[in-house]
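A quick write-up on the structure given underneath.
The values are calculated or read from the model by the stated rules, or taken from the named source; none is laboratory data. Keep in mind the model is a prediction, meaning the values are calculated, not measured. Reconstructed Cβ throughout: ideal geometry from the backbone, glycine too, with neighbour counts over all protein chains shown.
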Ligand SMILES: [Zn+2]
Ligand SMILES: [Zn+2]
């Protein structure tokens, strides 16, 4: 049990707090909650890049990358909800989960993401499917951070999690050093759905961070191949452009 799991301290900044039994107050202090509450921004409906307040005035719903892809798209284009940009201090919250084996943080991030999804006005998914890691990575880390987030997100929005519907068949090294196009190429065929997905099931794809979107697109392709028609991607953070 890590230091962040000691009861009575803010999950994010370690400030002592009078713990509430439910809601954000059971995880974070009032300062951290205020920071979360002030993140309101308009994002691309497909990839969650920030569009900014000015673009909203023109009724824009998608960024310049996604606009061509969503025009006349069948099946329905991917939809996406995130909590925040991948910047300080939120990147540290992710790091605590990813490298600190901090499962209390997963409870908080799952709760936060669930709250954001319910606020978004988008239809809730029927089933949550975490972005998988390869068997090697799972053995090395001991857990899949996306699956931990999905578990707690599922509890908050009352939806089941299916950890075995999507698998990663191969680990491809040095993704971080590659550009967006190269990543996409590198990831082709890395993910596979393990079952046929009925068209009327809305899939909720869950990840911790969306970086270039290549991983998400690869998972989307695998899910579509298995029959999925509507997919909502949910991630805690999104790397800004
Ligand atoms: Zn705090
Ligand atoms: Zn976009």
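The set of residues in region 217-236 that are surrounded by 23 or more Cβ atoms within 10 Å (Cβ to Cβ) and farther than 19 Å from residue 198 by Cα comprises 234, 235, 236.
Based on this model, can you work out whether residue 92 counts as within 15 Å of ligand 1 (Cβ to nearest atom), touching a helix residue (DSSP H, G or I) at 6+ places or on another chain (Cβ under 6 Å) and in a helix (DSSP H, G or I)? Here the answer is no, as residue 92 does not meet what is asked.
When 11, 35 are checked against the criterion of being modelled with pLDDT of 85 or more and part of a loop (DSSP other than H, G, I, E, B), 11 stands alone in meeting it. Among all positions in region 191-201, there is at least one residue which is within 19 Å of residue 157 (Cβ to Cβ), in contact (Cβ under 8 Å) with a residue 12 or more places away in the chain and touching a strand residue (DSSP E or B) at 6+ places or on another chain (Cβ under 8 Å). Scanning region 30-50 for residues that are more than 16 Å from ligand 2 (Cβ to nearest atom) and over 18 Å from residue 91 (Cα atoms) gives a single hit, 30.
Could you check region 51-79 and list, in sequence order, the residues that are at pLDDT below 90, outside any loop (DSSP other than H, G, I, E, B) and within 16 Å of ligand 2 (Cβ to nearest atom)? Those that are at pLDDT below 90, outside any loop (DSSP other than H, G, I, E, B) and within 16 Å of ligand 2 (Cβ to nearest atom): 55, 56, 67, 68, 69, 70. For residue 27, state whether it is surrounded by 20 or more Cβ atoms within 10 Å (Cβ to Cβ), within 13 Å of ligand 1 (Cβ to nearest atom), under 30 Å from residue 147 (Cβ atoms) and within 15 Å of the chain's Cα centre (by Cα). When the stated conditions are applied, residue 27 does not pass them. In the condition set (1) more than 16 Å from ligand 2 (Cβ to nearest atom); (2) at pLDDT below 85; (3) surrounded by 13 or more Cβ atoms within 10 Å (Cβ to Cβ), residue 21 is compliant with all but (3). Filtered by the rule that a residue be exposed (fewer than 15 other Cβ atoms within 10 Å of the Cβ) and at pLDDT below 90, region 122-137 gives 135, 136, 137.
Among the residues of region 128-146, the ones that are touching a residue at least 24 places away in the same chain (Cβ under 8 Å), outside any helix (DSSP H, G or I) and touching a helix residue (DSSP H, G or I) at 6+ places or on another chain (Cβ under 9 Å) come to 7 in all. Name the residue, out of 78, 39, 113, that is farther than 15 Å from residue 149 by Cα, away from ligand 1 (no atom under 16 Å from the Cβ) and under 20 Å from the mean Cα position of the chain (by Cα). Result: 78 is the single residue among 78, 39, 113 that is farther than 15 Å from residue 149 by Cα, away from ligand 1 (no atom under 16 Å from the Cβ) and under 20 Å from the mean Cα position of the chain (by Cα).
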